[in-house]
Amino acid sequence: MSSSSREAILAAARSAAQARGYGGLNFRDLADEVGIKAASIYHHFPSKADLGAAVARRYREDTAAGLEAMLTATSDPLSCLRQYPGIFRKSLDNGNRLCLCSFMSAEHDDLPEAVKKEVRAFADVNVAWLSRVLSAAHVVSAEQSEARARAIFAAVAGAQLMARSRSDISLFDALIESYRAAGLLPS
């Protein structure tokens with residue numbers, strides 16, 4: 001199996017997990033989508049837990065890189081804070097999907113430990129980035145930045161969840177605007 005097969009499996013698994021969560025990672029379905037035999041997936045991922053952890057790790061790494069790229073693209077931390085909800089909006093705009101780690105968080109009790117670790121790490125990456133950017137933008141003091149960052153992360157993920165449950169991306173937009181009006185997110 002080539003590295004391109006591994007990447008195709010990860011991409012298909014990411015899409016499945018964003019639509020159906022960890023429970024939606026079915027080797028037979030993924031193999032059909034990628035065009036390989038189900039047994040071939042085991043070459044790269046010996047178990048569903050290994051696949052789930054790899055998908056969540058890649059999602060976290062991609063998100064961390066995207067957040068850092070956003071900071072690199074502008075010297076204005078307020079602009080980054082304004083753009084942040086757009087990361088979650090993209091999933092909704094892509095087939096009414098959820099953030100992969102938000103979906104998996106809802107399945108926490110049923111996740112293998114390796115997947116739980118990656119899901120927690122995703123939240124930690126987001127909170128750490130938000131905390132750093134909130135401090136740099138002087139929105140809150142350094143002492144208050146982590147608490148505010150957690151509130152923003154939870155609120156944006158919650159807005160995504162509500163919008164998905166109604167298949168209504170305009171609800172997500174309205175909730176984000178309400179967070180701005182209430183002062184949680186900068187205007």
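The values are calculated or read from the model by the stated rules, or taken from the named source; none is laboratory data. No experiment lies behind these values; they were computed from the predicted model shown. Using ideal geometry, Cβ is built from the backbone for each residue, glycine included, and neighbour counts are taken over all protein chains shown. To get the accessible areas, we keep the full protein, side chains included, count just its heavy atoms, and leave off ligands, DNA and RNA. Shrake-Rupley method; radii C 1.70, N 1.55, O 1.52, S 1.80 Å.
Between rounded, prolate and oblate, where does segment 76-139 land on the alpha carbon gyration tensor, with a ≥ b ≥ c its root eigenvalues, rounded for a/c under 1.5, else prolate if a/b exceeds b/c? The partial results should precede the final answer.
Details: a/c = 4.18, a/b = 1.52, b/c = 2.75.
The shape class here is oblate.
Can you grab the distance from the C-alpha centre of segment 155-171 to the C-alpha centre of segment 24-69, Å, no decimals?
So the separation of the two Cα centres works out to 25 Å.
Please state the shape class of segment 144-185: rounded when a/c is under 1.5, otherwise prolate if a/b exceeds b/c and oblate if not, all from the C-alpha gyration tensor.
On the way: a/c = 4.69, a/b = 1.78, b/c = 2.63.
Taking the square roots of the gyration eigenvalues as a ≥ b ≥ c, segment 144-185 is oblate.
Summarise the long-distance tail of P(r) for segment 8-79 by giving the % of C-alpha pairs beyond 15 Å. Write out the running numbers ahead of the final one.
Values: 1452 of 2556 pairs.
Tail of the P(r) past 15 Å holds 57 percent of the pairs.
Can you return the lysines within cross-link range of Lys116? Criterion is Cα-Cα under 20 Å, with same-chain partners fewer than 8 residues away left out.
Within the straight-line cut-off, Lys116 pairs with Lys48.
Would you kindly derive the ³J(HN,Hα) couplings of segment 172-187 from the backbone phi angles with the Karplus curve 6.51 cos²θ - 1.76 cosθ + 1.60 (θ = phi - 60°), listing them in order in whole Hz, with x for Gly and Pro?
Once θ is set to phi - 60°, the couplings for segment 172-187 become 4, 4, 5, 5, 4, 4, 5, 5, 5, 5, 7, x, 5, 9, x, 6 Hz.
Roll a 1.4 Å probe over the protein chains and send me the accessible area per residue for segment 1-108 in Å².
Details: 5100 Å² over 108 residues.
The answer is 47 Å² per residue.
I'd like the accessible area for Arg97: 1.4 Å probe, protein heavy atoms, all chains in place, Å² to the nearest 10.
Accessible area of Arg97: about 50 Å².
Summarise the accessible area of segment 82-186 (1.4 Å probe, protein heavy atoms) by the percent that is carbon and sulfur.
Numbers: 2740 of 5140 Å².
The nonpolar share, carbon plus sulfur, comes to 53 percent.
How far apart, in nm, are two points set 7 Å out from the Cα along the Cα-to-Cβ line at Asn96 and at Arg180?
Using points 7 Å along Cα→Cβ, the separation is 2.6 nm.
To make sure I understand the rule: partners must be aspartates and glutamates, Cα under 20 Å from the Cα of Lys90, and not fewer than 8 residues away in the same chain. Which ones qualify?
Reachable aspartates and glutamates: Glu61, Asp62, Glu68, Asp168, Asp173, Glu177.
Suppose a student asked you for the relative contact order of segment 48-130, using Cα pairs under 8 Å spaced at least 6 residues apart; what percent would you report?
Relative contact order here is 49 percent.
Count the net charge of all other residues whose Cβ sits under 14 Å from the Cβ of Asp173, scoring Lys and Arg as +1 and Asp and Glu as -1. Don't skip to the end; give the middle numbers.
Working: positive: Arg82, Arg89, Lys90, Arg164, Arg166, Arg180; negative: Asp93, Asp168, Glu177.
Spelling it out: positives minus negatives among the neighbours equals +3.
What angle do you read, to the nearest 10 degrees and between 0 and 90, between the alpha-carbon axis of helix 3-20 and the longest principal axis of the chain?
For 3-20 against the chain, the angle is about 60 degrees.
Using θ = phi - 60° and the Karplus curve 6.51 cos²θ - 1.76 cosθ + 1.60, what whole-Hz ³J(HN,Hα) does each residue of segment 132-147 get, with Gly and Pro shown as x?
Per-residue couplings from phi come out as 4, 6, 4, 5, 4, 7, 6, 6, 9, 6, 4, 5, 9, 5, 5, 4 Hz.
Enter the accessible area of Tyr22 (Å², nearest 10), with the probe set to 1.4 Å and all protein chains included.
20
What residues of segment 84-109 lie in the reach of a label at Arg150, counting those whose backbone N is under 19 Å from a point 7 Å from the Cα along Cα→Cβ?
102, 105-106, 108
Compute the orientation-averaged projected area for segment 52-186 from the convex hull of its Cα atoms and round it to one decimal in nm². Present the calculation step by step, with values, prior to reporting the outcome.
On the way: hull surface 32.2 nm².
Mean projected area for segment 52-186: 8.1 nm², to one decimal.
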